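> One structure coming up, written as structure tokens, with questions to follow.
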Amino acid sequence: MTETQALDAFLAECEVDPAVLELRPDYRALLVLVSGINPRVSSSAVDELIDRAEAHARALLAASPVDELDHIAAWREAYRAFGAKPQRTRNSLEALTRRAEKGLPRINALTDIYNAISVLHQIPLGGEDFHEYEGPARLIRANGDEPFDTTANGEMVREYPDTGEVVWCDDAGVTCRRWNWRQGRRTGLTDDTRTALFILDALAPATTEELAAAGNSLVEALTQLGPDVRDSRRLIQAP
């Protein structure tokens, strides 16, 4: 099996549990697998992308309180629907938009790109190391016994989601808690990542066309990280 075939086979097995779609029938996930990347590459284009994202965030927040921005308000409502408190555990889009006003974190080119795309398109976006996955990615309502590896005070710790919490997981455990709140350590991106899985989340009023545009912008930006960057994509939505 070629690498492209392996990536396509992985995407075909990924799924969103019907229980999540019952909670939010308007939910759509765009999964983007990108190979041939080198996070250690430096590029002025990445810096320019971050500058645009920070300027966009400042413009948005000058016009509206962050919790009243349409896309962020939709995610706050979704969090409340499964029992999370959005003022305490902010969805990734809100957290980044708030930070972008004063300056986005600079981690590596790979992470910096997807953070900037998330802010620019107002779409929650997470990145994972494809080769650390054990089985396909699945979005489920948690039983509460799925392990989640994270850090606390600089130490590795294992946590467990709340019963009914919306989480991304694979066969080994949770990869991201509360839909798009906090990603786990096991599948996290590193400077050695060469193939990455990106998950772009959309709720109304975000359209499927806007979701696709965010995916296009992500892949276009990632072409700065290597001459052989290739991508495979899959959109998952309610039937």
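The values are calculated or read from the model by the stated rules, or taken from the named source; none is laboratory data. Just so you know, these numbers come straight off a predicted model, no measurement behind them. Positions of Cβ are backbone-derived with ideal geometry, glycine not excepted, and every protein chain shown enters the neighbour counts. To get the accessible areas, we keep the full protein, side chains included, count just its heavy atoms, and leave off ligands, DNA and RNA. Shrake-Rupley method; radii C 1.70, N 1.55, O 1.52, S 1.80 Å.
> Answer yes if at least one residue in segment 171-188 is in contact with a strand residue (DSSP E or B) (Cβ under 8 Å, 6 or more places away or on another chain), acidic (Asp, Glu) and either assigned to a loop (DSSP other than H, G, I, E, B) or at pLDDT 95 or above (or both), and no otherwise.
Within segment 171-188, none of the residues are in contact with a strand residue (DSSP E or B) (Cβ under 8 Å, 6 or more places away or on another chain), acidic (Asp, Glu) and either assigned to a loop (DSSP other than H, G, I, E, B) or at pLDDT 95 or above (or both).
> Could you tell me which numbered condition Gln183 fails, if it satisfies all but one of (1) within 14 Å of Leu110 (Cβ to Cβ); (2) of a type outside the set (Lys, Arg); (3) open to solvent by less than 60 Å² (accessible area, probe 1.4 Å)?
Only one criterion is unmet by Gln183, namely (3).
> For the subset of segment 138-166 comprising residues that are among the hydrophobic types (A, V, I, L, M, F, W, C) and touching a Ser or Thr at 6+ places or on another chain (Cβ under 7 Å), which member is least open to solvent (accessible area, probe 1.4 Å)?
The initial filter retains those residues of segment 138-166 that are among the hydrophobic types (A, V, I, L, M, F, W, C), namely 139-140, 142, 148, 152, 156-157, 166.
Then keep just the ones that are touching a Ser or Thr at 6+ places or on another chain (Cβ under 7 Å); that gives 142, 157.
Numbers: Ala142: 5, Val157: 49 Å².
The extreme case among them is Ala142.
> Being assigned to a helix (DSSP H, G or I), open to solvent by less than 60 Å² (accessible area, probe 1.4 Å) and over 30 Å from Leu7 (Cβ atoms), is that true of even one residue in segment 103-112?
Within segment 103-112 (the criterion being assigned to a helix (DSSP H, G or I), open to solvent by less than 60 Å² (accessible area, probe 1.4 Å) and over 30 Å from Leu7 (Cβ atoms)), the answer is no, since none of the residues qualifies.
> Same structure again: Is it true that some residue in segment 37-47 is of a type in the set (A, V, I, L, M, F, W, C) and at pLDDT below 90?
So far as segment 37-47 goes, yes, one or more of its residues are of a type in the set (A, V, I, L, M, F, W, C) and at pLDDT below 90.
> Within segment 24-46, is even one residue among the charged types (D, E, K, R), without any contact (Cβ under 8 Å) to a residue 24 or more places away in the chain and either closer than 24 Å to Pro105 by Cβ or outside any helix (DSSP H, G or I) (or both)?
no
> Now for a different question. Taking the options Leu211, Leu225, Leu235, Leu203, name whichever one is touching a Ser or Thr at 6+ places or on another chain (Cβ under 8 Å) and either open to solvent by less than 40 Å² (accessible area, probe 1.4 Å) or closer than 14 Å to Gly127 by Cα (or both).
Details: Leu211 fails: touching a Ser or Thr at 6+ places or on another chain (Cβ under 8 Å); Leu235 fails: either open to solvent by less than 40 Å² (accessible area, probe 1.4 Å) or closer than 14 Å to Gly127 by Cα (or both); Leu203 fails: touching a Ser or Thr at 6+ places or on another chain (Cβ under 8 Å).
Matching residue, one of Leu211, Leu225, Leu235, Leu203: Leu225.
> Name the single residue, out of those in segment 189-224 being part of a loop (DSSP other than H, G, I, E, B) and within 27 Å of Glu159 (Cβ to Cβ), that is nearest to the chain's Cα centre (by Cα).
At the first step, the residues of segment 189-224 found to be part of a loop (DSSP other than H, G, I, E, B) are 189-194, 203-207.
Applying the additional criterion that residues be within 27 Å of Glu159 (Cβ to Cβ) yields 189-193, 203.
Numbers: Leu189: 12, Thr190: 15, Asp191: 18, Asp192: 19, Thr193: 16, Leu203: 13 Å.
The selected residue is Leu189.
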